[in-house]
Amino acid sequence: MKSSKILLVLVIALLALGSFTVSLAQDATPAPTEVFVPSEEGTLTIWIDGARLPAIEAVGAKFTEQYGIPVRTQQMGFGDIRNNLVLGGPVGEGPDLIVGAHDWVGQLYDNGLLSPLEFSDELAANIDPVALTAFTYDGKVLGLPLKTEAIGIYYNTDIISEVPNTWQGLVDAAEQAVKDGKAERGLAIPNGGGDPYHHYPFFTGFGGYVFGRDAEGNYNPQDVGLDNAGGLKAVEEIDRLVKADVLNAAVDYGAAQSLFVDGKLAMWMTGPWALGTLRDSGVKFAVAPIPNMDGTDTPAPFVGAQGFMINSFSQNQLLAQAFLTEFMATDEAMQALYEADPAIPAWLPLKNSIDDQDLINFGKSVANGQPMPAIPQMSAVWTAWGNAITLIYQQKEDPDKAITEAADAIRAEIAKSQ
């Protein structure tokens, strides 16, 4: 790292540019991007969504003050950043840095669009290992994680005092709340399009998985575990709960949210993105991790992470690396980002100091979770898997047959892409 800093100083001295910060941000919800603000030698360019923009601009101003290197930002819709990098990066219209989701890295790296990062052991020790794993692909760290998320259980504290520590205990509490007339529904899990994301804890809780791992710990697309013995138990449990009307196909995300806000739903399995709505509603609630399902396996929800990534076509690779490791990877910068966009921090000194109990409890789900696979083969999974869950909710197919056929279809799709 010392040699990198010396080289950085030399680069800066050669550039000899004045100090200023340019913001190209416009509305909170920007229109589709027509003109890309690209990487330009001697000026650091960042593409970012709106929520964290002021905090990152403030860090950019400090970078400029110390090194005399201008930092400019272009605001984009979060979902547009990846697509715009794919379009603009190879033709020199991409930025130096983007802020995006960890599950982009497989596509972007395989297309030659991301540069690996170099972290000292001291810096890496300050990052949540789940988040660091999420941004590790093909043995390389491809992002500086900023925040994480995973689903848990919201529960109405006027209906139940706590979530039981076993899955069957949770199911019993859900049924009892309805039986006692305290709730219209005891439990809701989003199921639009089957929603494999929200149902993944069933699979891991009973011993299934979407992809196994190879000897190096990488996801192995040749090992699909949705229909192994644990996967079969998972769909049989979903089927059992549908038959008992604990789960219901009509209660999708929107219906569940309305029921919970109205005080008619005892428990809702979803993520921290619902916190704002529930807090504004005034309903009394708390958050708990998903309890053990099979007595031995802790359910592992998918973990999502967001962070900075370096465009491999950047004209300022060393500057981008220095901006991240020297300016963003600090307690002060991470605190500012947290205040701008409250979420579960990936920066451990901050994560261990926050006092938001709901985020602390969602953080337990993150600790139990598995990063959503970032490998390109993940795109072959969602449709067949979701269709199988939908058929079970609709009671149109035997659960074992539904998931076995789905897994076979996924394997065939992956084989076609080899």
Verdict on E237 being at pLDDT 95 or above, farther than 26 Å from W273 by Cα and among the acidic types (D, E)
yes
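Matching residues to (1) aromatic (F, W, Y); (2) in a loop (DSSP other than H, G, I, E, B); (3) open to solvent by less than 60 Å² (accessible area, probe 1.4 Å):
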site: A300; (1), (2), (3): no, yes, yes
site: V303; (1), (2), (3): no, no, yes
site: F308; (1), (2), (3): yes, no, yes
site: L318; (1), (2), (3): no, no, yes
site: P342; (1), (2), (3): no, yes, no
Scan (1) surrounded by fewer than 19 Cβ atoms within 10 Å (Cβ to Cβ); (2) modelled with pLDDT of 95 or more for the single condition G193 breaks and write down its number.
(2)
Does the stretch 374-389 hold any residues that are surrounded by fewer than 22 Cβ atoms within 10 Å (Cβ to Cβ) and within 14 Å of P196 (Cβ to Cβ), and which are they?
M378, S379, A380, W382, T383, G386, N387
Against the condition open to solvent by 40 Å² or more (accessible area, probe 1.4 Å), more than 30 Å from V283 (Cα to Cα) and of a type in the set (A, V, I, L, M), how does A234 come out, does it pass?
no
Given the options D110, D180, name the one that is within 30 Å of G386 (Cα to Cα), open to solvent by 30 Å² or more (accessible area, probe 1.4 Å), more than 19 Å from the chain's Cα centre (by Cα) and at pLDDT 95 or above.
D110
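Collect the residues in the stretch 53-79 that are part of a strand (DSSP E or B), of a type in the set (S, T, N, Q) and open to solvent by 10 Å² or more (accessible area, probe 1.4 Å), keeping them in residue-number order.
Q74, Q75 - these are the residues of the stretch 53-79 that are part of a strand (DSSP E or B), of a type in the set (S, T, N, Q) and open to solvent by 10 Å² or more (accessible area, probe 1.4 Å).
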Picking from I127, I48, the residue that is open to solvent by less than 10 Å² (accessible area, probe 1.4 Å), closer than 29 Å to W273 by Cβ and either of a type in the set (D, E, K, R) or in contact with a Leu (Cβ under 7 Å, 6 or more places away or on another chain) (or both) would be I127
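Give me the strands (runs of 3 or more DSSP E) completely within the stretch 179-237, filtered to those with at least 1 residues that are in contact with a Leu (Cβ under 6 Å, 6 or more places away or on another chain), ordered by residue number.
It comes to 185-188.
The values are calculated or read from the model by the stated rules, or taken from the named source; none is laboratory data. Note that the coordinates shown come from a computational prediction; the quantities given were computed from them, not determined experimentally. Cβ atoms come from the backbone with ideal geometry, glycine included; neighbour counts cover every protein chain shown. Heads up: the accessible areas ignore ligands, DNA and RNA and are worked out on the full protein's heavy atoms, side chains in. Shrake-Rupley method; radii C 1.70, N 1.55, O 1.52, S 1.80 Å.
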